[in-house]
Amino acid sequence: MKRYSAFAIAREALRYHTGWERAWTSPEPKRHYDVIIIGAGGHGLATAYYLGKNYGITNVAVLEKGWLGGGNTGRNTTIIRSNYLQDPSAAIYEKARALYEDLSQDLNYNLMFSPRGVMMLAQTHHEVRGYKRTAHANALQGVKTEWISPQRVKELVPIINIDGPRYPVLGALWQERGGTARHDAVAWGYARACSRMGMHIIQKCEVTGIRREGGKVAGVDTTKGPIDCNKLGLVVAGHSGVLAQMAGFRLPVESVALQALVSEPIKPCMDVVVMANTVHGYMSQSDKGEMVIGGGADGFNNYTQRGSFHHIEETVRALIETFPIISRLKMLRQWGGIVDMTGDRSPILSKTPVENIFINCGWGTGGFKSIPGSGWGFAQLMATGDSPLCRAFSLDRFKEGRFIDESVAAGVAH
Amino acid sequence: MLILQCPYCGIDAEETELAPGGEAHLKRHGPGSSDEDFHDYLFARENPRGVHFERWRHANGCGKWFHAARDTATLEVFGTYPAQTTEPPKEIRDAITARRPGWRWREFS
């Protein structure tokens, strides 16, 4: 596979762009693979990539029932940050953020990583205390964040109304190297790199059953026939419960809809990501000029990728108070994704009751930012049976009472 | 928009009147139960793609808890029934069977 470079663009310009290859191949499935990953979203593809890159395991298939990156990878608001309170969360999210820094070079694919800064507004006194605590915790964890004053908030985001009557801005938790990246490109870049290593990415191939022999995984049944494997990774976010049922165990996970929306494009007016967790809203401006807005999740089980309208109304109503400038903006599109919420709002990267089946799920509303770190840790777990990044996120933490309580950071907005 | 009929006051309540309360018919395990049972009671959920039984509260209405049978893949509502029961009544199960032959949900199918 040819590398993308300035030279390649020049070369193709001279021959009417006839030499570009497909970014990844679409082979028919083989009868057997060493590792099968179910789910070709960001997390599944990143897992496959680091299995190959870090552990030399390339006899890998990534199965996808729809199309590549068509689930939550293509439905999020592309925010990347790692300003978490608890040590295990900070470790895996900061690993992910650090990998994002030079992932474009690593994958030879432009992810448009834009470390424009992420600002989490404190609009109540509880939040002021909470975020100051997070800033102190981050200092100990080696995650670079700082507490900034309302005046600094106003300097960074001139369109913000810092003395709103109901929710004045009292300060913010600021992560300078947080930001955004192009979500589709993350899936495409990993897919291309996996394909280059000889892995098979098989789209429109739905898993219909998981075969077990003597408490071990033997393979999967799919709409393209049975495929055997030595190890199986379930990386399917909202549909984790459905696959766990096929494998014969239950999960502490519930699937709910989370929505986002974008406005009509306007001139550049905000060059950082702003999150306002008190009012359940967050916003950034895309390169096209659209204001990208996300809000809270619905409260009931739902697999339809459609959310309730009143959540959008609540989000927009709240944001208008902090950003009066958007009050007359028209909204272009709205969509929903199915997020898998665990009891403590932290992910699960773990072995399962079935030997050689591993599960990576429960990222809930915060999966995109963690893709490289999740793939890195989960590949280590699948290849070696243990990973320091994943250890705290094991499935048995619920039974043992080792919760990673990030609901402050993860239950609301990402 | 989701509309559920409150089985107590008979009002067709839309979503903003209601508060979701998660999976219904959980068997409550407490002191004396095994760790496994207690864990499952607290955390393990069916989370099916399809027929689902759940608890709702008519929060901005009569304030009472009730149960609903719903399809999580289509948002179709099969019916609602009072919460003073440990399993879905026969007419609800029949209504689901009529629409989803061969449905399964724990031991209730």
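The values are calculated or read from the model by the stated rules, or taken from the named source; none is laboratory data. From a predicted model like this one, the values you see are computed outputs, not experimental measurements. All Cβ positions, even for glycine, are placed from backbone atoms using ideal geometry, and neighbour counts span all protein chains on display. With ligands, DNA and RNA removed, areas are computed over all heavy atoms of the protein, side chains included. Shrake-Rupley method; radii C 1.70, N 1.55, O 1.52, S 1.80 Å.
Rundown of residues vs (1) out of contact with any strand residue (DSSP E or B) (no Cβ under 6 Å at 6 or more places or on another chain); (2) within 30 Å of A:Thr352 (Cβ to Cβ); (3) open to solvent by 10 Å² or more (accessible area, probe 1.4 Å), yes/no style:
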{"residue": "A:Arg250", "(1), (2), (3)": "yes, yes, yes"}
{"residue": "A:Ser263", "(1), (2), (3)": "no, no, no"}
{"residue": "A:Val279", "(1), (2), (3)": "yes, no, yes"}
{"residue": "A:Thr304", "(1), (2), (3)": "yes, yes, yes"}
{"residue": "A:Gly307", "(1), (2), (3)": "no, yes, yes"}
Next on the checklist: Every residue in the stretch A:88-111 that is touching a helix residue (DSSP H, G or I) at 6+ places or on another chain (Cβ under 6 Å) and open to solvent by 20 Å² or more (accessible area, probe 1.4 Å), please.
Outcome noted: A:Pro88, A:Lys95, A:Leu99, A:Tyr109, A:Asn110
Item to check | Residue count, the stretch A:300-319 (criterion: free of Cβ contacts under 8 Å to residues at least 24 places away in the same chain and either within 10 Å of another protein chain (Cβ to nearest Cβ) or of a type in the set (Phe, Trp, Tyr) (or both)) | outcome: 3
Checklist entry - B:Thr80: away from chain A (no Cβ under 11 Å) and under 24 Å from B:Asp94 (Cβ atoms), yes or no? => result yes
Checklist outcome for this item: How many residues of the stretch A:220-238 are open to solvent by less than 40 Å² (accessible area, probe 1.4 Å) and within 26 Å of A:Pro347 (Cβ to Cβ)? The answer is 10
Checklist entry - Can you list the strands (runs of 3 or more DSSP E) found entirely within the stretch A:297-414 that contain at least 1 residues being touching a Lys or Arg at 6+ places or on another chain (Cβ under 8 Å)? => result A:331-342, A:357-361
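Can you name the strands (runs of 3 or more DSSP E) wholly within chain B that have at least 2 residues being exposed (fewer than 15 other Cβ atoms within 10 Å of the Cβ) and in contact with a Leu (Cβ under 9 Å, 6 or more places away or on another chain)?
B:12-14
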Checklist entry - Among helices (runs of 4 or more DSSP H) lying entirely in the stretch A:68-158, which contain 2 or more residues that are within 18 Å of the chain's Cα centre (by Cα)? => result A:87-101, A:103-107
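Conditions (1) in contact with a Leu (Cβ under 6 Å, 6 or more places away or on another chain); (2) surrounded by 24 or more Cβ atoms within 10 Å (Cβ to Cβ); (3) of a type outside the set (A, V, I, L, M, F, W, C); (4) more than 14 Å from chain B (Cβ to nearest Cβ), marked per residue:
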{"residue": "A:Arg328", "(1), (2), (3), (4)": "no, no, yes, yes"}
{"residue": "A:Met331", "(1), (2), (3), (4)": "yes, no, no, yes"}
{"residue": "A:Gly336", "(1), (2), (3), (4)": "no, no, yes, no"}
{"residue": "A:Ser370", "(1), (2), (3), (4)": "no, yes, yes, yes"}
Item to check | Hits in the stretch A:8-48 (condition: open to solvent by less than 10 Å² (accessible area, probe 1.4 Å) and either farther than 19 Å from A:Glu206 by Cα or part of a helix (DSSP H, G or I) (or both)) | outcome: A:Ala8, A:Glu12, A:Gly42, A:Gly44, A:Leu45, A:Ala46, A:Thr47, A:Ala48
Item to check | strands (runs of 3 or more DSSP E) fully within the stretch A:199-269 counting 2 or more residues that are under 17 Å from A:Gly71 (Cβ atoms) and at pLDDT 95 or above | outcome: A:200-202, A:225-234
Checklist entry - So, of the residues in the stretch B:22-41 that are more than 9 Å from chain A (Cβ to nearest Cβ) and under 17 Å from the mean Cα position of the chain (by Cα), which turns out to be farthest from B:Gly63 (Cα to Cα)? => result B:Tyr41
Checklist outcome for this item: Subset of the stretch B:49-66, residues within 7 Å of chain A (Cβ to nearest Cβ) and either among the small types (Gly, Ala, Ser) or touching a helix residue (DSSP H, G or I) at 6+ places or on another chain (Cβ under 7 Å) (or both), comes to B:Arg49
Checklist entry - Within the bounds of the stretch B:90-109, is there any residue that is among the small types (Gly, Ala, Ser) and closer than 13 Å to B:Gly21 by Cβ? => result no
Item to check | So B:Ala69, is it of a type outside the set (S, T, N, Q), in contact with a helix residue (DSSP H, G or I) (Cβ under 7 Å, 6 or more places away or on another chain) and over 25 Å from A:Gly401 (Cα atoms) | outcome: yes
Checklist entry - How many of the residues in the stretch A:173-197 are in a helix (DSSP H, G or I) and open to solvent by less than 10 Å² (accessible area, probe 1.4 Å)? => result 9
